[in-house]
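Have a look at the structure below before the remarks.
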Amino acid sequence: MEKIKKIWGTFERLVAVFVPGVAFAIMFSAFCLQIFSRYILKHQFEFTYDYTVICFLWTTCLGAIYASNHREHVSFALLYDKFGPKGRAVLNLAGNVLICIAFLLLIRPTAEYLDFISIKKTAVLKVSFEVLYAPFLVFLVFAVLYMIRDTVVDILTLRTPTAVLLQREAEAKEAHRREVEQAQAAFEAQIHSLSDADGAGEEGRS
């Protein structure tokens, strides 16, 4: 079981971190080259546009997998935070089920559309549109898996006594508070050490 988790974790990092990271680096390099060639060399490279568009799509779609896994997407929690643990679990469960159903219904039409546009290619690099938009299908599959996981967690939360959930929340908040205090203390110590080093340097020069 541990070996399977390790393999899945490596595959997940490859798809959600490494590939979009490389795509972003290529996109940024192509963009800089495009600006340099246009305004400095007075010459327009045709391939830079294709690289920019392709890598932008790959960066956003595959990068969204990482955000979905770590729940880093934008959310408005003004009312959500006012509920208790089980109330939030109910809201999460309802939202995850609705979105999961919608994404499941999107998978087949997306795959069919990718097959339909596979005959089209980009103007310069001649990359198939199927390859160009394939990351969106990958995102849908990963998003569905993550929402199924979160749904299971929400169901387990609803089956857990409220007192236990409140205790876990209190412990998590306390652990977070200690981490913040430790980070702040380490930062202040680093600032003091830099100040002391600057003071010693000034005394040495005088």
Query - Gain in span if fully extended, F11 to L98, counting 0.36 nm per residue against the direct Cα distance - result: 28.6 nm
Query raised in the report: Past the 32 Å Cα-Cα mark, which pairs from K3/K82; K42/K126; K5/K86; K5/K120; K6/K173?
Result: K3/K82; K5/K120
Report task. Find how much the distance from A175 to N69 grows on full extension, using 0.36 nm per residue of separation minus their present alpha carbon separation; answer in nm with one decimal. Result -> 35.9 nm
Report summary line: Of the residues Y51, L105, L158, the Cα lying farthest along the dipole of the chain towards its positive end, which is defined by charges on the beta carbon of Lys, Arg, Asp and Glu, belongs to L105
Report summary line: Loop-resident trypsin sites (Lys or Arg not before Pro) in region 1-47 with no more than 14 other Cβ atoms inside 10 Å, DSSP not H/G/I/E/B, are K42
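222 nm [θ] for the chain, helices only, -39500 (n - 2.57) per DSSP H run of 4+, per residue, to 500?
-28000 deg cm²/dmol
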Requested in this report: Enumerate by residue number the chymotrypsin sites (Phe, Trp or Tyr not before Pro) in region 1-87 meeting two conditions: DSSP loop (anything except H, G, I, E, B), and at most 14 other Cβ atoms within 10 Å of the site's Cβ.
Outcome: F76, F83
Query raised in the report: For T160, T10, what ranking results if the residue with the fewest other Cβ atoms within 10 Å of its Cβ goes first?
Result: T10, T160
Report summary line: In order over region 143-148: 3J(HN,Hα) from phi, Karplus 6.51/-1.76/1.60, θ = phi - 60°, whole Hz, x for each Gly or Pro, gives 4, 5, 4, 5, 6, 5
Report summary line: For region 35-44, in residue order, the Karplus 3J(HN,Hα) values (coefficients 6.51, -1.76, 1.60; θ = phi - 60°; whole Hz; Gly and Pro = x) are 5, 4, 5, 6, 9, 9, 7, 6, 9, 9
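No value in this document is a laboratory result; all are computed from the given coordinates. Note that the coordinates shown come from a computational prediction; the quantities given were computed from them, not determined experimentally. Cβ coordinates were reconstructed from backbone atoms using ideal geometry, including for glycine residues, and neighbour counts include every protein chain displayed.
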